[in-house]
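Contents: one structure, followed by commentary.
The values are calculated or read from the model by the stated rules, or taken from the named source; none is laboratory data. Not measured: the values here are computed from a predicted model. So basically every Cβ, Gly included, is an ideal-geometry build from the backbone, and we count neighbours across all protein chains shown. What goes into the accessible areas is simple: the full protein's heavy atoms, side chains included, and nothing from ligands, DNA or RNA. Shrake-Rupley method; radii C 1.70, N 1.55, O 1.52, S 1.80 Å.
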Amino acid sequence: SVSVMEVQGLDRIRRGAAELTVTPDMLRTTRDWETRLRSRATFSRVPVQEVGRGAPALDGKISEGEWPALTRQGDDASFGMMFNDKELFLGWKVNHRGPLDNGGDDFRRFFKTGAAVDVHLGTRPGASADRKIPEAGDIRILITRAQGKPVAVLYRPIAPGAPAAERWETSTPAGGTTAFDQVKLLENAQVVVHAEENSYSVEAAIPLADLGLAAAPAAGQVLKMDWGVLTTDDGFVTRSRRDRKSTRLNSS
């Protein structure tokens, strides 16, 4: 079909001036609206991330058949998880999204200062699947390469008993203030990055105890999670985060 339209009045357009006042209430309303919009979109398309027992070869390569049930973001990113009685294993394969470079000098802000990969995981089985704010047991693990070395950072918004020195609060004009009971480097994590032209892969082994988990997930346990890839153009500023959400993480 063909449409023909006429636009009138362009000759009467005049430049004007006006003031716009943005209040904290307006910002909160906008953030609530965006949260509801993303929740509706997520509910309609969530996959299931299957997680199996086992351990990969920590060589930084996501070898064929090594990781069970990879989930994908299109054709250029994939992710897998495994676990045993002592460690959680995470693996990402990323193509055509730039290098895994992060020029930040504050590990707490690596999500703002360059590229990274991450996973958000609700570790408490009894938590509500449709919760809107973090609860105890909700964590974020962010991995990047800073100053040429791979590093892993743990964020726990609600962490009763965490050391006061590991509490952190950050504010932005648009996002307001966000507080974490604990943000720390995962010093005991093993992280290996393998980079090739136009692609990289990451494998990590993280002690369960460092994540606040007393034991490995039980067979058939269902948890809420999503995983993401943060990209950068220059290695100093994060451009965007693309995620793959799941309301179900099945352990077997």
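A few comments on the model shown:
- If you filter the stretch 68-87 down to residues that are modelled with pLDDT of 90 or more and assigned to a loop (DSSP other than H, G, I, E, B), you find that the one that is surrounded by the most Cβ atoms within 10 Å (Cβ to Cβ) is Asp76.
- Among the residues of the stretch 144-173, those identified as farther than 16 Å from Leu186 by Cα and open to solvent by 30 Å² or more (accessible area, probe 1.4 Å) are Gln147, Gly148, Ile158, Pro160, Gly161, Ala164, Glu169, Ser171, Thr172, Pro173.
Okay, residues lined up against (1) touching a residue at least 60 places away in the same chain (Cβ under 8 Å); (2) under 14 Å from Arg239 (Cβ atoms); (3) among the hydrophobic types (A, V, I, L, M, F, W, C):
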residue: Gly65; (1), (2), (3): no, no, no
residue: Gly80; (1), (2), (3): no, no, no
residue: Leu88; (1), (2), (3): yes, no, yes
residue: Gly91; (1), (2), (3): yes, no, no
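- The number of residues in the stretch 164-189 that are modelled with pLDDT of 95 or more and over 19 Å from the mean Cα position of the chain (by Cα) comes to 6.
- Test result for Ile141, surrounded by fewer than 13 Cβ atoms within 10 Å (Cβ to Cβ) and either over 19 Å from Ala179 (Cβ atoms) or not polar (S, T, N, Q) (or both): no
- Residue in the stretch 190-200 that is crowded, with 21+ Cβ neighbours inside 10 Å, touching a Ser or Thr at 6+ places or on another chain (Cβ under 6 Å) and closer than 26 Å to Asp76 by Cβ present: no
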